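Here is the structure we will look at, set down as structure tokens.
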Amino acid sequence: MPQLFVAAVLFSSSEPRRMAVPTTSRRFLTAGIAAFALVIAGCSSSDDASSSEGTTTVSSEGTAPAVSGTPQAIVSLSPTTTEMLYAVGAGDQVIAVDDQSDYPEGVPVTDLSGYNPNVEAILGYEPDLVLATADNGDLVAGLESAGVDTLILPAAATLDDTYAQLEQVGAATGHIGDAAELVAQMQTEIGEIVGSVPQRETPLRYYHELDNTYYSVTDDTYLGEIYAMLGLTSIATGGDGYPQLSAEFIVEQNPDLIFLADSQCCGVTPETVAERAGWAELTAVRDGQVHVLDEDIASRWGPRVVDLVRELAAIVIAVPAGQPAP
């Protein structure tokens, strides 16, 4: 199986799939929405990155936060956290990002790994804040012993989790107002996009292909929520939300649309899909409804999720009236 889905526990080629609400510790800078409310209550709406008021850390008990200075040397160990940092206006504070981060253009890419973090190598950049999506290799304990704060943002389970994490990143970097403005803008844009999609009496059914061994997503996933907002329902069910289907099952289910998130990793194209045994007569193949998605945008739960929603909505709107076929 490609890197996209190692042992069925990765969400994409660049991010862990498991999505959950962050936990907290003294130098483990996380927050649920309630913790973010504490930050808002104690800070102004100004986004001056050099403000002496600094950012806020949250105790494991969720009690009153302890205040430290605004971080000026940030290391990001995941593509999603990198995108979040730049989106909330903290890009000038980022001194290094991991080897998988590639957006926005010009980020300070290094050979640091988020999968197998080397604490000594990270400390070589003299950070005062490190962002990651998982506490791999006892990352938090190693950085804590060196006095470096860590913000762990696990893969989001819902769009609300994305919004909350962006607010957390804003609070941790001194960009509370910028983050709040970004979240409001994203919510507005997504609302407008979803509102532009006409409702159908019968939902269109889709197959989202994560890799060329037929791993897919159910409605009970981050992507499933987005598809459902646009009036789509997955042919995949059960499992942990990311079941491995069989080619025979997919043919039997005959989806109206097929979305390929494995073109970059695995060379899958609408043409190769049509060449699979029995697939040429699928509704999606026959009607030209096999669509290649940008794997990065479709696998990261950061600010570019708006682009994903917009792309999917345009595809759905273009499906002729009268589909799905019986």
field: Identity of the residue in region 162-208, outside any helix (DSSP H, G or I) and among the β-branched types (Val, Ile, Thr), that ends up farthest from LEU232 (Cα to Cα)
entry: VAL197
task: Starting from region 119-145, take each residue that is closer than 12 Å to ALA96 by Cβ and touching a residue at least 12 places away in the same chain (Cβ under 8 Å) and list its partners that are part of a helix (DSSP H, G or I) and of a type in the set (A, V, I, L, M), counting only C-beta distances under 6 angstrom and pairs at least six apart or across chains.
output: VAL130/LEU143
- prompt: Out of (1) over 20 Å from THR173 (Cα atoms); (2) free of Cβ contacts under 8 Å to residues at least 60 places away in the same chain; (3) touching a Gly at 6+ places or on another chain (Cβ under 9 Å); (4) not acidic (Asp, Glu), what's the single condition that is false for THR110?
  reply: (3)
query: Which of the residues belonging to region 241-263 are among the charged types (D, E, K, R) and under 26 Å from ILE190 (Cβ atoms)?
result: ASP256, ASP262
- prompt: Of the residues in region 224-251, how many are more than 20 Å from ALA318 (Cα to Cα) and aliphatic (A, V, I, L, M)?
  reply: 6
query: Is it fair to say ASP296 is acidic (Asp, Glu) and either surrounded by fewer than 21 Cβ atoms within 10 Å (Cβ to Cβ) or under 30 Å from THR133 (Cα atoms) (or both)?
result: yes
Residues located in region 287-297, provided they are touching a helix residue (DSSP H, G or I) at 6+ places or on another chain (Cβ under 6 Å) and assigned to a helix (DSSP H, G or I): GLU295, ILE297
task: Examine region 301-314 for a residue that is among the acidic types (Asp, Glu), buried (at least 16 other Cβ atoms within 10 Å of the Cβ) and either touching a residue at least 40 places away in the same chain (Cβ under 8 Å) or in contact with a Lys or Arg (Cβ under 7 Å, 6 or more places away or on another chain) (or both), and state whether such a residue exists.
output: no
Among (1) within 21 Å of ALA314 (Cα to Cα); (2) out of contact with any Pro (no Cβ under 7 Å at 6 or more places or on another chain); (3) outside any loop (DSSP other than H, G, I, E, B), the one test that ALA284 misses: (2)
field: Subset of region 104-123 that is β-branched (Val, Ile, Thr) and part of a loop (DSSP other than H, G, I, E, B) - its residue that is surrounded by the most Cβ atoms within 10 Å (Cβ to Cβ)
entry: VAL107
- request: Only strands (runs of 3 or more DSSP E) wholly contained in region 45-103 count here; list those with 3 or more residues that are at pLDDT below 95 and either more than 15 Å from the chain's Cα centre (by Cα) or surrounded by fewer than 24 Cβ atoms within 10 Å (Cβ to Cβ) (or both).
  value: 55-57, 66-68
- request: Tally the residues that are of a type in the set (Asp, Glu) and assigned to a helix (DSSP H, G or I), restricting the search to region 127-161.
  value: 4
- prompt: Filtering region 172-212 down to residues that are crowded, with 16+ Cβ neighbours inside 10 Å and among the polar types (S, T, N, Q), which residue is farthest from LEU312 (Cα to Cα)?
  reply: THR173
task: Keeping to region 124-154, report how many residues are over 15 Å from THR70 (Cβ atoms), surrounded by 16 or more Cβ atoms within 10 Å (Cβ to Cβ), of a type in the set (D, E, K, R) and under 24 Å from the mean Cα position of the chain (by Cα).
output: 1
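The values are calculated or read from the model by the stated rules, or taken from the named source; none is laboratory data. Computed from a prediction, not measured in an experiment: that's the story for all the values here. Neighbour counts are summed over all protein chains in view; Cβ atoms, including those assigned to glycine, are modelled from backbone coordinates with ideal geometry.
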